[in-house]
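First up is the structure itself, then whatever we jot down about it.
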Amino acid sequence: SFAELFALLFSSLKPSLPSLIPAPSSLPSPSSSLSTDPFEHSLIASFGLSSTTSSSSSKNNSSASSKLHLYADETMVWQFLASLAIVANIDQQHHLVSLTRLSITSRIRLAQSDPQLAPLLLHNVNLFLNALGLDASQLSSL
């Protein structure tokens, strides 16, 4: 049955899942270069955010742009986790929530303190939370 096949898939993925989970305090390194991925640029633009900086922009704008690219890179990971959560049984969902708890709470806190990153961060987190029937706004008291 499909449930048995998915259980086999989940159990084979389980040891590797922690390496997929975005780190709670992911920050771009100063030497990281900006992505040229068209999907990433369109994702950032869809939130009304600028993914480029002008040559006269300050170091802070460059840092903000780097952060946008970093968190945009995470979108596919959150989509993958959401697809697992949709099909997972309650025990598998509990395991996914346990793995992602710190990442989710750190991104919600960062969204509360950084209005420029908030739309992208909350979108990414909500991809996963919505699959579980939750929403970041329900966790806003963090």
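Pairs linking a residue in the stretch 84-102 that is farther than 15 Å from Pro15 by Cα to a residue that is loosely packed, with under 14 Cβ neighbours inside 10 Å, with Cβ atoms under 8 Å and 6 or more positions apart or on different chains, are Asn89/Ala3. Looking only at the stretch 68-91, residues that are open to solvent by 50 Å² or more (accessible area, probe 1.4 Å) and closer than 25 Å to Asp114 by Cβ come to 4 in all. Taken over the stretch 73-132, the residue count meeting the criterion of being of a type in the set (Asp, Glu), closer than 30 Å to Glu4 by Cα and not in a helix (DSSP H, G or I) is 1.
For the criterion of being within 12 Å of the chain's Cα centre (by Cα), under 30 Å from Leu9 (Cα atoms) and modelled with pLDDT under 95, Ala118 fails.
Any idea which residue in the stretch 92-113 is least open to solvent (accessible area, probe 1.4 Å), counting only those that are more than 15 Å from Leu17 (Cβ to Cβ) and out of contact with any helix residue (DSSP H, G or I) (no Cβ under 8 Å at 6 or more places or on another chain)? Checked the stretch 92-113; the qualifying residue least open to solvent (accessible area, probe 1.4 Å) is Ser106.
The values are calculated or read from the model by the stated rules, or taken from the named source; none is laboratory data. Computed from a predicted structure; not experimentally measured. Using ideal geometry, Cβ is built from the backbone for each residue, glycine included, and neighbour counts are taken over all protein chains shown. These accessible areas exclude ligands, DNA and RNA; they are computed on the full protein's heavy atoms, side chains included. Shrake-Rupley method; radii C 1.70, N 1.55, O 1.52, S 1.80 Å.
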